[in-house]
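Student: Sharing a structure, written as structure tokens. Questions coming.
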Amino acid sequence: MKTWTTHSGQKIHRILERRCNCYLVDSGARFLLVDAGRENRWSDLKNRLLRLGVTERSLSALVLTHSHFDHAENAANLQHVFGAAVVVHCLEAAYLQQGNSPAIRGGYGLIRWLTDSLQKPLLVRFQYQPVEADILVQEKMDLQPLGCNGYVLHTPGHTPGSVSVIVDDEIALVGDTLFGVFPGTAFPPFLQDSGLLLQSWAKLLRTRCSLFLPAHGRPRSRALVERCFDRRSR
Ligand SMILES: [Zn+2]
């Protein structure tokens with residue numbers, strides 16, 4: 001399991017990887033999970049949480065970067081088993097409550113046409129256990145009351161209610177707002193609104209974060225995100 005440590009000593013463990021990277025922010029006494037992953041990884045997730053000493057009392061919250069199935073399938077389990085408060089942007093709460101989120105849209109051309117034609121069948125296939133969110137985020141939410149030195153920031157574009165978690169103004173957990181899959185680029189292949197996405201990148205670059213951890217693929221450096229942002233904004 002890969003772990004990063006910030007200057008204040010908060011640890012970020014990549015607790016699940018492959019289909020959806022999930023990150024556990026460990027502040028010493030309390031934990032915060034960012035994204036829940038797919039249900040077929042539930043036992044891995046649960047066992048790894050227990051191994052790291054996470055208990056019902058110490059997992060203060062699960063922050064969902066958005067409500068797509070690959071990020072949210074274990075949300076209900078985490079709420080029931082660990083008592084984690086589910087935190088999500090207000091624009092995603094209704095999808096979570098239905099256990100379904102509009103299918104992922106291709107960013108452009110043929111991919112967009114294909115994903116649009118597959119919307120209905122995908123919606124049925126990606127139904128998950130519905131969850132009632134406990135805390136709704138709007139533009140920004142301080143995580144200090146949940147035991148983490150950081151905040152949630154609204155970073156729409158991939159979906160209207162996508163958020164990122166900024167830890168110690170140093171490391172950003174960005175969900176699908178940035179991708180780490182394709183060499184030399186951080187631009188997500190699936191998104192709702194590319195203009196909004198670039199505005200969110202500008203927001204992320206206004207933080208002092210030097211490292212961006214996406215839900216898919218490898219970490220992205222600030223230099224790569226800046227380069228990619230300049231290229232896309234021209
Ligand atoms: Zn997504």
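Student: Sort through 227, 220, 232, 208 and tell me the only one that's among the charged types (D, E, K, R), more than 14 Å from the ligand (Cβ to nearest atom) and in contact with a Pro (Cβ under 8 Å, 6 or more places away or on another chain).
Tutor: Values: 227 fails: in contact with a Pro (Cβ under 8 Å, 6 or more places away or on another chain); 232 fails: in contact with a Pro (Cβ under 8 Å, 6 or more places away or on another chain); 208 fails: in contact with a Pro (Cβ under 8 Å, 6 or more places away or on another chain).
Among 227, 220, 232, 208, only 220 is among the charged types (D, E, K, R), more than 14 Å from the ligand (Cβ to nearest atom) and in contact with a Pro (Cβ under 8 Å, 6 or more places away or on another chain).
Student: Which strands (runs of 3 or more DSSP E) sit wholly inside segment 1-114 and have at least 1 residues that are of a type in the set (Phe, Trp, Tyr) and either in contact with a Phe, Trp or Tyr (Cβ under 9 Å, 6 or more places away or on another chain) or at pLDDT 95 or above (or both)? Before the answer, list the steps.
Tutor: Numbers: elements: 3-5, 11-16, 22-26, 31-34, 59-63, 85-89.
Because the criterion is at least 1 residues that are of a type in the set (Phe, Trp, Tyr) and either in contact with a Phe, Trp or Tyr (Cβ under 9 Å, 6 or more places away or on another chain) or at pLDDT 95 or above (or both), the strands (runs of 3 or more DSSP E) in segment 1-114 that meet it are 3-5, 22-26, 31-34.
Student: Tell me which residues, restricted to segment 129-149, are open to solvent by 10 Å² or more (accessible area, probe 1.4 Å) and touching a strand residue (DSSP E or B) at 6+ places or on another chain (Cβ under 6 Å).
Tutor: Pass one, segment 129-149, residues open to solvent by 10 Å² or more (accessible area, probe 1.4 Å): 129-130, 132-136, 138-142, 144-147, 149.
Selection gives 133, 134, 135, 139, 140, 141, 142, 146, 147.
Student: Looking at segment 31-90 only, could you name the residues that are β-branched (Val, Ile, Thr) and under 15 Å from residue 163 (Cα atoms)? Write out each step before concluding.
Tutor: Filtering segment 31-90 for residues β-branched (Val, Ile, Thr) gives 34, 54-55, 63, 65, 81, 86-88.
Matches in segment 31-90: 34, 63, 65, 86, 87, 88.
Student: Next question. Just to be sure before I move on: is residue 196 open to solvent by 10 Å² or more (accessible area, probe 1.4 Å), under 30 Å from residue 113 (Cα atoms), within 16 Å of the ligand (Cβ to nearest atom) and assigned to a helix (DSSP H, G or I) in the structure I sent? Step through it out loud before you land on a result.
Tutor: Numbers: open to solvent by 10 Å² or more (accessible area, probe 1.4 Å): yes; under 30 Å from residue 113 (Cα atoms): yes; within 16 Å of the ligand (Cβ to nearest atom): yes; assigned to a helix (DSSP H, G or I): yes.
For residue 196, the condition - open to solvent by 10 Å² or more (accessible area, probe 1.4 Å), under 30 Å from residue 113 (Cα atoms), within 16 Å of the ligand (Cβ to nearest atom) and assigned to a helix (DSSP H, G or I) - is met.
Student: Take the conditions open to solvent by less than 50 Å² (accessible area, probe 1.4 Å) and among the polar types (S, T, N, Q) and apply them to residue 21. Does it pass? Walk me through it before giving the result.
Tutor: Numbers: open to solvent by less than 50 Å² (accessible area, probe 1.4 Å): yes; among the polar types (S, T, N, Q): yes.
Against the criterion (open to solvent by less than 50 Å² (accessible area, probe 1.4 Å) and among the polar types (S, T, N, Q)), residue 21 qualifies.
Student: Quick one: count up the residues across segment 140-181 that are in contact (Cβ under 8 Å) with a residue 24 or more places away in the chain and either of a type in the set (S, T, N, Q) or under 15 Å from residue 225 (Cα atoms) (or both). I'd like the intermediate steps shown before the answer.
Tutor: Here is the first cut: in segment 140-181, the residues in contact (Cβ under 8 Å) with a residue 24 or more places away in the chain are 141, 143, 146-150, 152-181.
Right, trim to either of a type in the set (S, T, N, Q) or under 15 Å from residue 225 (Cα atoms) (or both) and you get 149, 155, 159, 162, 164, 170-181.
Count: 17.
Student: Same structure, new question: Quick test of your reading of the structure: residue 87 fulfils all but one of (1) within 18 Å of residue 152 (Cα to Cα); (2) in contact with a strand residue (DSSP E or B) (Cβ under 7 Å, 6 or more places away or on another chain); (3) open to solvent by 10 Å² or more (accessible area, probe 1.4 Å). Name the failing condition by number.
Tutor: (3)
The values are calculated or read from the model by the stated rules, or taken from the named source; none is laboratory data. As the structure is a computational prediction, the values presented were derived from the model and not from experiment. All Cβ positions, even for glycine, are placed from backbone atoms using ideal geometry, and neighbour counts span all protein chains on display. Just the protein is used for accessible areas: all its heavy atoms, side chains included, with ligands, DNA and RNA removed. Shrake-Rupley method; radii C 1.70, N 1.55, O 1.52, S 1.80 Å.
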